[in-house]
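Notes follow the structure.
Please treat every number below as a calculation from the coordinates, not as lab data. Because the structure is predicted, anything quoted here is derived from the model rather than measured. We place every Cβ from the backbone using ideal geometry, glycine too, and count neighbours over all the protein chains shown.
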2 protein chains.
Amino acid sequence: MSPEQMLDVAVEEARKGLAEGGIPIGAALFSSDGTLLGAGHNQRVQNDDPSIHAETDAFRAAGRQRGYRSTIMVTTLSPCWYCSGLVRQFNIGAVVIGESRTFTGGHDWLAEHGVAVTLLDDERCVAMMEDFIAERPDLWAEDIGE
Amino acid sequence: MSPEQMLDVAVEEARKGLAEGGIPIGAALFSSDGTLLGAGHNQRVQNDDPSIHAETDAFRAAGRQRGYRSTIMVTTLSPCWYCSGLVRQFNIGAVVIGESRTFTGGHDWLAEHGVAVTLLDDERCVAMMEDFIAERPDLWAEDIGE
């Protein structure tokens, strides 16, 4: 499974979030052989839950795993410090990122600490976030603690 | 309200977690005037949820807040990278830590980035974690991704 195919799953999650009136960021956790372990999207609006970003939702959906070194976290947007911390703490081996033009979190820091980072610069992801930020700057600021 | 008094709330949460058969780490988020905004404890065992550490549980319990700069996160144990990332991303202004003898996460990194860190070296917290790690080394390793 290519990074682009894995990103498609995260994009689908982001679209679900948008359709629910939420923040359009999606993520998915895959095993090294391309098996989908869990997928999810930001739940701030839908569940009034500020602790569930796309990456944490995918991580939660994957349930309790014994080791993440060979897993791949795919996300439509550069992971914020919260989600970057998740990747580092659990030793997730690789991160595939849809785009980092609209927001840059901790992916350089992850690369420095040995995580294999792939940045795709996907136009669908950029457009989705640009439209969302233009429409709901307040909600976006809230979600990244600004 | 003193850091020690705030820590008492987190210790009570850790004890609740232990009584439930879970990992004995507790946390609480306070406003600058000492109002308790939310408290919680690790939910890995109880809810089979690896995404809910003590700090994320307290953060979630506090609901959607508009700005965290003046808030204080109190935790029985040095925050792991995941929870340190939470503090940094949401600009939580201060962290009070029960102990960092049994585990040291990202609190020095937080201090470097302007977070006011208070380390109490509380004997109750040390004893609770030492006992837990001795009894369930497997579960502890799972919770910190080792």
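Brief remarks on what is shown
- Three-way shape call for region A:88-145 based on the alpha-carbon gyration tensor, with the a/c threshold at 1.5: oblate
- Residues whose placed amide H lies under 5 Å from that of A:Val117, excluding near-sequence neighbours: A:Val95
- Sorting the Cα pairs of the protein assembly as shown by distance into bins of 5 Å, from 0 upward, gives 1, 6, 13, 18, 19, 17, 13, 8, 4, 1, 0 percent per bin.
- Where chain B is carried onto chain A by rotation, the Cβ closest to that axis, with its residue and distance in Å, is B:Gly85, 1.
- Within chain B, percent of DSSP bridges classed antiparallel, to nearest 5: 50 percent
- Euclidean distance of C-alpha centroids, region A:119-146 and region B:50-105, integer Å: 25 Å
- Of the DSSP H helices in chain A, those whose Cα atoms cover at least 15 Å axially and whose Kyte score averages -1.0 or more: A:3-19, A:123-135
- Region B:1-111 shape via C-alpha gyration tensor axes, a/c threshold 1.5: rounded
- As a length-normalised measure over Cα pairs under 8 Å and 6 or more apart, the relative contact order of region B:14-105 settles at 25 percent.
- Around the amide H of B:Ile52, modelled in the peptide plane, lie the amide H atoms of B:Gln43, all under 5 Å away and 5 or more residues distant in sequence or on another chain.
- Measuring nothing but alpha carbons in region A:49-146 and taking Rh as the Kirkwood radius, the Rg to Rh ratio lands at 0.97.
- Along its three principal directions, the equivalent ellipsoid of region A:1-44 from the Cα gyration tensor extends over semi-axes of 21, 10, 6 Å, largest first.
- DSSP-defined beta bridges in the protein assembly as shown - what % are antiparallel, rounded to 5: 50 percent
- Relative contact order of region B:72-116, taken over Cα pairs closer than 8 Å and 6 or more residues apart, is 50 percent.
- Close amide H pairs (under 5 Å, H built 1.01 Å from N) link B:Gly38 with B:Leu29, residues at least 5 positions away or on another chain.
- The residues neighbouring B:Val11, those whose beta-carbon lies less than 12 Å from its own, together hold a net charge of -4 under the Lys/Arg +1, Asp/Glu -1 convention.
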